[in-house]
Amino acid sequence: MGTSDVAARPGAPNVVMIVLDDLGFAQLGCYGSDIQTPAIDRLARNGLRYNRFHVTGLCSPTRAALLTGRNHHAVGMGFLADIPTIHPGYTGKIPASVPTLPRLLRDSGWSTMAVGKWHLAPRGERTSAGPFTRWPLGLGFERYYGFLLGDANHWDPQLVRDNTYLDGPDVRPTGYHLTEDLTDEAIRMVVSQQQSAPGKPFFLYFATGAMHSPHHVHKEWADAYAGQFDIGWDSWRDEVFARQLAEGVVPAGTTITQRPDWVPAWSSLTADERAVYARMHEVYAGFLSHTDSQIDRLIRTLEELDVLDNTLVLLMSDNGASAEGGVGGTSNEHRFTHRVPESATDNLDVLPDWGGTAGYPHYAWGWAWAGNTPFRLWKRYAWLGGTRVPLIAHWPRGIRESGTVRSQFAHAIDIMPTVLEACGVEPQSPSAETTDGGAHGASLLPTFTDAAAPAPRSTQYFEVVGSRSIIADGFKATTDHVAQGVMDEEALLDGSRDFALDRWSLFRADDFSEAHDVSAAHPDVVSRLTDLWAAEAARYNVLPLTDSLVARAAEMVWPDFPPGQRVVLRPSGGPVVDEALPLLYSRLTADVDVPLEAANGVLFAIGNWTGGLAAFVIESRLHIAIAAPGGNIRVQADQLLTTGRHSTGCRLHRLDGETRVEAVIDNSVVGSAVAPVTLPHVWQHGGTSLLLGRDRGLPVCDSYRPPFAWNGKLHSVTVESDLESLPSQELLRAALKSD
C-alpha cells in the first residue's frame, strides 16, 4: 500500500506516458510521414523529438524496461510475459524486489493510474484468481482499466478494471471503439482525481492497443486516405525519407537502406495485389489518425484543467513497425499464426470491410519496411528497424527549446530515471527492503535544456528472439540471425538460422541508418564488441539464447494451480477466462433443463467469428459452430432436444490435418462433420472467456445474435481434455503474434 502521509514537493509535475504499439520510426507526421497526426505533431512542435531513442524490439520487454529502469532480461522479461520459462532472464515475472516507477511515485505523493495495454502479467497469473502481484495495481498503480494481454479486438475487447475482469455488455454500443473507450476512461480518471484532490500530481500511463493489429477503425477514417498510397511502398518510402531529411529528424548525409529482395518491388505486383496492399495501408493510416484524435482529446483535457504546462508528456512506441502479417498481409491474423496461407485474391474478396468487425487484419510487410524508414527490418529484430522508435517529450515548464530534434543516444531504461529526476523523487523507495542493484538507465533531463548535454550512456546491448546487437565505442555491431515464429520470415529472410554461424555486421555510430557495413575493415572492433556483448549478456541474465519455439515450450513454467484435465463451470461464477480452461480440451458438455416450449439460446460460447466455438439451440435443435483459422465448421443435430434434463454439447477430435466435430446429446452422437482444418489452442490472441448460457459482443457465427440467452436452465458446463496439457509451438506462435 502507498504511504498516504507523504506529499510531493510543491510544483512537482504531473506525468503522462503515452505508449503506442508497433509504431515505426517513420509513421508519425513529425517523423516524416504523410499520415495525419496533428495532435502528436503539436506535442513535437512545442516539445522535443529524439531521433536516437531505442527500445528492446518487443512488447513486454520494452514495457518492463520503461517501468523499472532496468534492462529487460534483468527483470525476467527477456521474452513475452505469455511464455514464462525456468531461466532467470525469461521468467515473465518482474521481481517483487524491483521498485517500479508507479510504486515510487505513488509512495512519494502522486496519484497513479494506468489505462490500456498491460502485457506484464505472466501466463498462469492472468485468471480471475490472480495472483495479482504483477497486475497494474500490484506494481504500484492505484487505478487500472484496460486489457492484460498483447492485443485486443478493438470492436469487442476483453477488459479488466483494477483486479477484476469485466463482464462486458451483451452488445457493444453502436460505433464503439476500444481506443475511444480507453481515452474516455483516462480522461475520467484524471478529471476525477483533480476534482477530488486539486493540485495533487498524478502519473497517467496511457498505453493504446493501436497501432498493433488488428488494424480496426471506422471506415470513414480509412476512406480519408483513398488513393493516397497507390504509389506503393517504394515511392512512399522515398518521399518519407526526403521529408525526414528536410525536417532534420534524419541527419543530413544519411544513406537510405535498400529494399531487400524479400520485400517485393511495387512495380512487380499485379493490379489486384496493388489494390489490396494500398487499402491495407489506408486502413492503417486511418487507424493512426483516429488514435491521434483520441490523444488530442486527452491533451485538450489537460489544457482545460490548466495542468498541461506542468505535465511532462512522454510519447513513444514499444518497438518498430510489425511485419507479422507476412509478405501479403492477412485479413485475420489468427490464420497467419496458424500458418494458413492467404492470397491477394482471397483478401480482395474481403477488402470492402477491411478494418471492420468481420476481420482481424494486419498489413503486408512492405508497409512495415517503409514504416521504419530509413532502417532495415522491423519489430523482433535488433536492427534499428526494430529498436529505434519515436520519442517526444513535451513539458512547457521544463523544456526551454521547442520544436527541435535531440540526437543523444537513449534507451527505454532511461525513461524511469528521467521521470524521477523531473519529479524530484529518489530512485529507491526509502521503505523498500531490496537487494536490487538500482536502475540501469540514466536521466535524459539535462537534454531538456541543453542540446549539447551528454547522452546517458555510450554502451547498450540488445537481444530479441535471438537477434543481437550492441552499441559501444562509437560503433554498433549487429547479427544476421533470423528468428523463428513468423512463417514468411523463416522462409524468405536472408541470414543465419544457427547461433554458431551468425555473422556480425559493424556500423559506425554516425551511420544513422546502418547502411555501410565496415566489419571487413575492422575485425578487431567486431571481436571486441562481440566479447562485450557476451559480457553484458552474462551480467544481465540474457543467456541461454533461444530462438526455438520448441525449446521455449520445453522450458515453460506452468501455474501453481493449473486447471487440470476436467473442470466443472457454473453460470453463477460468470465468464471463465480461457487460461483457466484445460489446454487442448476436446469435450464440452452442458447440463441443462430443456423447457416445455421450443428451446432456444446459447449453451456456451468462446471467442467470436474471427476465432471461436459455440454450442447453441434454435427451435430445440442443437448447433455447433467453430470459426477455425483454416475455415468454419458447422454441425446440426439430426434430432431435437426434448423437454427435461439432458447433457448436451460437443466433442472435438483433432486428427492428422483435419478435425471431426460431433454434436452430442446424452452421450449419443447426433451429428458430425469432418473438415480439413486444424483447431487452434488459442481462440483469440488477445484472450477471451467462455460464456455460459449466453454470448456477448461478436458472435461465433451469423446464425444467432448475442446475447441469445438460453431459455431453459443451465446447471453447469464441463470442459474436459483427453490430452496432456503440454505447451505447443502454436501456443508460442500465438504469444508472438499478440505481443
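The values are calculated or read from the model by the stated rules, or taken from the named source; none is laboratory data. Predicted, not measured: the structure shown is a model, and the values here were computed from it. Neighbour counts are summed over all protein chains in view; Cβ atoms, including those assigned to glycine, are modelled from backbone coordinates with ideal geometry.
General observations
- One residue from 206, 147, 141, 202 being buried (at least 21 other Cβ atoms within 10 Å of the Cβ), assigned by TED's automatic domain parsing to the domain that holds residue 291, more than 18 Å from residue 60 (Cα to Cα) and of a type in the set (A, V, I, L, M, F, W, C): 202
- Checklist (1) within 24 Å of residue 441 (Cα to Cα); (2) of a type outside the set (D, E, K, R); (3) modelled with pLDDT under 95 applied to residue 6, failing item: (1)
- Odd one out for residue 659 among (1) closer than 24 Å to residue 715 by Cβ; (2) out of contact with any helix residue (DSSP H, G or I) (no Cβ under 9 Å at 6 or more places or on another chain); (3) of a type in the set (Ser, Thr, Tyr): (1)
- The strands (runs of 3 or more DSSP E) falling completely within region 658-726 that include 1 or more residues that are in contact (Cβ under 8 Å) with a residue 24 or more places away in the chain and over 17 Å from residue 608 (Cα atoms) map to 659-665, 668-675, 713-720.
- Number of the condition not met by residue 663 [criteria: (1) crowded, with 18+ Cβ neighbours inside 10 Å; (2) touching an Asp or Glu at 6+ places or on another chain (Cβ under 7 Å); (3) of a type in the set (Gly, Ala, Ser)]: (2)
- Among helices (runs of 4 or more DSSP H) entirely within region 403-498, having at least 2 residues that are under 28 Å from the mean Cα position of the chain (by Cα) and either hydrophobic (A, V, I, L, M, F, W, C) or at pLDDT 95 or above (or both) singles out 415-423, 487-492.
- Among the numbered conditions (1) modelled with pLDDT of 95 or more; (2) buried (at least 23 other Cβ atoms within 10 Å of the Cβ); (3) not β-branched (Val, Ile, Thr), the only one that residue 82 does not meet is (1).
- In region 336-394, of all residues being part of a strand (DSSP E or B) and under 24 Å from residue 484 (Cβ atoms), the one that is farthest from the chain's Cα centre (by Cα) corresponds to 388.
- Filtered by the rule that a residue be hydroxyl-bearing (Ser, Thr, Tyr), more than 15 Å from residue 283 (Cβ to Cβ) and in contact (Cβ under 8 Å) with a residue 24 or more places away in the chain, region 311-365 gives 311, 317, 337, 345.
- Test set (1) surrounded by fewer than 16 Cβ atoms within 10 Å (Cβ to Cβ); (2) closer than 28 Å to residue 408 by Cβ; (3) small (Gly, Ala, Ser) - residue 551 fails condition number: (2)
- Scanning region 584-598 for residues that are under 15 Å from residue 624 (Cα atoms) and either outside any strand (DSSP E or B) or outside the structural domain of residue 642 (by TED's automatic domain parsing) (or both) gives a single hit, 586.
- Test: residue 678 is in contact with a helix residue (DSSP H, G or I) (Cβ under 7 Å, 6 or more places away or on another chain) and surrounded by 15 or more Cβ atoms within 10 Å (Cβ to Cβ): no
- Test set (1) closer than 30 Å to residue 11 by Cα; (2) out of contact with any helix residue (DSSP H, G or I) (no Cβ under 8 Å at 6 or more places or on another chain); (3) buried (at least 21 other Cβ atoms within 10 Å of the Cβ); (4) not basic (Lys, Arg) - residue 288 fails condition number: (1)
- The set of residues in region 44-55 that are buried (at least 24 other Cβ atoms within 10 Å of the Cβ) and part of a helix (DSSP H, G or I) contains only 44.
- Residue among 513, 505 that alone is buried (at least 18 other Cβ atoms within 10 Å of the Cβ), in a loop (DSSP other than H, G, I, E, B) and over 23 Å from the mean Cα position of the chain (by Cα): 513
- Among the residues listed as 98, 115, 160, the single one being surrounded by 20 or more Cβ atoms within 10 Å (Cβ to Cβ), among the β-branched types (Val, Ile, Thr) and touching a Ser or Thr at 6+ places or on another chain (Cβ under 6 Å): 98
Residue-by-condition table, conditions (1) over 29 Å from residue 300 (Cα atoms); (2) in contact with a strand residue (DSSP E or B) (Cβ under 8 Å, 6 or more places away or on another chain); (3) hydrophobic (A, V, I, L, M, F, W, C):
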site: 394; (1), (2), (3): no, yes, no
site: 398; (1), (2), (3): no, yes, no
site: 406; (1), (2), (3): no, yes, no
site: 410; (1), (2), (3): no, yes, yes
site: 415; (1), (2), (3): no, yes, yes
site: 423; (1), (2), (3): no, yes, yes
site: 427; (1), (2), (3): yes, no, no
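- Counted residues, region 308-338 - those being closer than 30 Å to residue 677 by Cα, hydrophobic (A, V, I, L, M, F, W, C) and crowded, with 24+ Cβ neighbours inside 10 Å: 2
- Residue in region 168-177 that is of a type outside the set (Gly, Ala, Ser), surrounded by 15 or more Cβ atoms within 10 Å (Cβ to Cβ), in contact with a strand residue (DSSP E or B) (Cβ under 7 Å, 6 or more places away or on another chain) and at negative phi present: no
Results for (1) closer than 23 Å to residue 197 by Cα; (2) basic (Lys, Arg); (3) in a loop (DSSP other than H, G, I, E, B); (4) modelled with pLDDT of 95 or more, shown as yes or no for each residue.
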{"position": "74", "(1), (2), (3), (4)": "no, no, no, yes"}
{"position": "78", "(1), (2), (3), (4)": "no, no, yes, yes"}
{"position": "92", "(1), (2), (3), (4)": "no, no, yes, yes"}
{"position": "99", "(1), (2), (3), (4)": "no, no, yes, yes"}
{"position": "108", "(1), (2), (3), (4)": "yes, no, yes, yes"}
{"position": "112", "(1), (2), (3), (4)": "yes, no, no, yes"}
{"position": "116", "(1), (2), (3), (4)": "no, no, no, yes"}
{"position": "119", "(1), (2), (3), (4)": "no, no, yes, yes"}
{"position": "122", "(1), (2), (3), (4)": "no, no, yes, yes"}
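- Check on residue 325, part of a loop (DSSP other than H, G, I, E, B), of a type in the set (Gly, Ala, Ser) and more than 17 Å from residue 373 (Cβ to Cβ): yes
- One residue from 427, 446, 454 being assigned by TED's automatic domain parsing to the domain that holds residue 202 and either in contact (Cβ under 8 Å) with a residue 60 or more places away in the chain or buried (at least 17 other Cβ atoms within 10 Å of the Cβ) (or both): 427
- Subset of region 1-40 [surrounded by 17 or more Cβ atoms within 10 Å (Cβ to Cβ) and without any contact (Cβ under 8 Å) to a residue 24 or more places away in the chain]: 29
- The number of residues in region 273-282 that are out of contact with any Asp or Glu (no Cβ under 8 Å at 6 or more places or on another chain) and either of a type in the set (Gly, Ala, Ser) or surrounded by 24 or more Cβ atoms within 10 Å (Cβ to Cβ) (or both) comes to 6.
- Selection status of residue 70, crowded, with 24+ Cβ neighbours inside 10 Å, outside the structural domain of residue 467 (by TED's automatic domain parsing), part of a helix (DSSP H, G or I) and not acidic (Asp, Glu): no
- Single residue of 648, 643 found to be at pLDDT 95 or above, of a type outside the set (A, V, I, L, M, F, W, C) and exposed (fewer than 15 other Cβ atoms within 10 Å of the Cβ): 643
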